[in-house]
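Data block below; observations after.
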Amino acid sequence: MVSNYEIMRNQMRGEFVKYDQEKMIKKFSLRNDEDYIYIEFMLREYRIDRKTGVVEWSENNFSTSVEADYNESMTIYDIFCYSKDDCSLSGNYCTVNMLKGTVKSSGVGSNMFQRAADAFNGKRKEVEAVCEIFGEKLELKGDVAAKLYPFTFLPVIIQYWEADEEFPANLKFMFDENILDYMHFETIFFMTGHIVKRIEEMLKTNISI
């Protein structure tokens, strides 16, 4: 049975092919050929079929490929189709509930990644090592703080605190103040969900530290 998420993802294929692909390619300096547009997302190569809109990823230069899931596909579609023509970074970062043009709320997204934070607990060195693969270490508050590059042109800051006697483990993300020029508000959560998934995948590879 096809899920509602799959239905929505599949509907976006048809929307994608209506957009000016040459404009997307130029805006983000994307590698492309007659059949596909390519983009890297969390250090994994993706391609979009220019005729069908299907998004796939591969780790062997597309000798084999896997169709992207909902979070991956919707993030890529949103950036390609709905980002502003003049999108650019401000260099200033804030939490999602403090973004310009949104209703300020301390609760938005606050517990969304508690499961992941709990899973990371006791693995500070491993989490730090994985974050440095995806980006660079930062001197900010937290047991781990790094600037990640889910896309080469769109960095995200991650901060992680281990649990102690008083507080549970905590995982926090900050975004460029202009991120809504690149994607819709809800897409931030799709992208962040995939970031967490990729960190979890890398932790399972028993990365050496």
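Under 16 Å of direct C-alpha separation, and excluding same-chain neighbours fewer than eight residues apart, K51 reaches these aspartates and glutamates: E15, D20, E22, D33, E34, D35, E67.
Placing +1 on the Cβ of every Lys and Arg and -1 on the Cβ of every Asp and Glu, with no other charges, gives the stretch 93-203 a dipole of roughly 220 debye about its Cα centre. Since only F190, Q159, I133 are under comparison, the one whose Cα sits farthest along the positive direction of the charge dipole of the stretch 121-209, derived from C-beta charges on Lys, Arg, Asp and Glu, is I133. Residue farthest toward the positive end of the dipole of the stretch 4-82, with Cβ of Lys/Arg at +1 and Asp/Glu at -1: which of Y19, F62, N4? Positive-most Cα among the choices belongs to Y19.
Other residues whose C-beta falls under 14 angstrom from the C-beta of I39 contribute a net charge of -1, scoring Lys and Arg +1 and Asp and Glu -1. Using Rg and Dmax of the Cα atoms in Å as the read-out, say which of (1) 20.3, 66; (2) 17.3, 55; (3) 17.5, 58 was calculated from these coordinates. Step by step, Rg and Dmax of the Cα atoms in Å for this structure corresponds to label (3). Mind checking the angle between helix 4-16 and the chain's longest principal axis? C-alpha axes, 0 to 90 degrees, to the nearest 10. Roughly 50 degrees, rounded to the nearest 10.
Which is the longest run of the chain containing none of the GluC sites (Glu not before Pro) found in DSSP loop states (not H, G, I, E, B) with at most 15 other C-beta atoms within 10 Å?
Excluding the exposed sites themselves, the longest stretch runs over 60-138.
Computed about its Cα centre, the charge dipole of the chain is approximately 260 debye, with only Lys, Arg, Asp and Glu carrying charge at their Cβ. Sorted fewest first by neighbouring Cβ atoms within 10 angstrom, C131, C94 come out as C94, C131. With contacts taken as Cα pairs under 8 Å and at least 6 residues apart, the stretch 93-203 reaches a relative contact order of 27 percent. Where the centroid of each part is defined by its Cα atoms, how far is the stretch 127-147 from the stretch 150-164 in Å? What the calculation gives is 7 Å, centre to centre. At a threshold of 8 angstrom on Cα-Cα distance, excluding pairs fewer than six apart, so keeping six or more, what relative contact order does the chain reach in percent? Rounded, it is 20 percent for the chain. On C-alpha positions alone, give me the angle between the axis of helix 185-203 and the longest principal axis of the chain, in degrees, nearest 10. With both axes taken from Cα atoms, the answer is about 70 degrees.
Rounded to the nearest 10 degrees, the angle from helix 70-82 to the longest Cα principal axis of the chain is 60 degrees.
Read-outs: derived from the displayed coordinates by stated rules, not from any lab. Worth saying up front: this structure is predicted, and the values here are computed from it rather than measured. Every residue, glycine among them, receives a Cβ derived from its backbone with ideal geometry; neighbour counts consider all protein chains shown.
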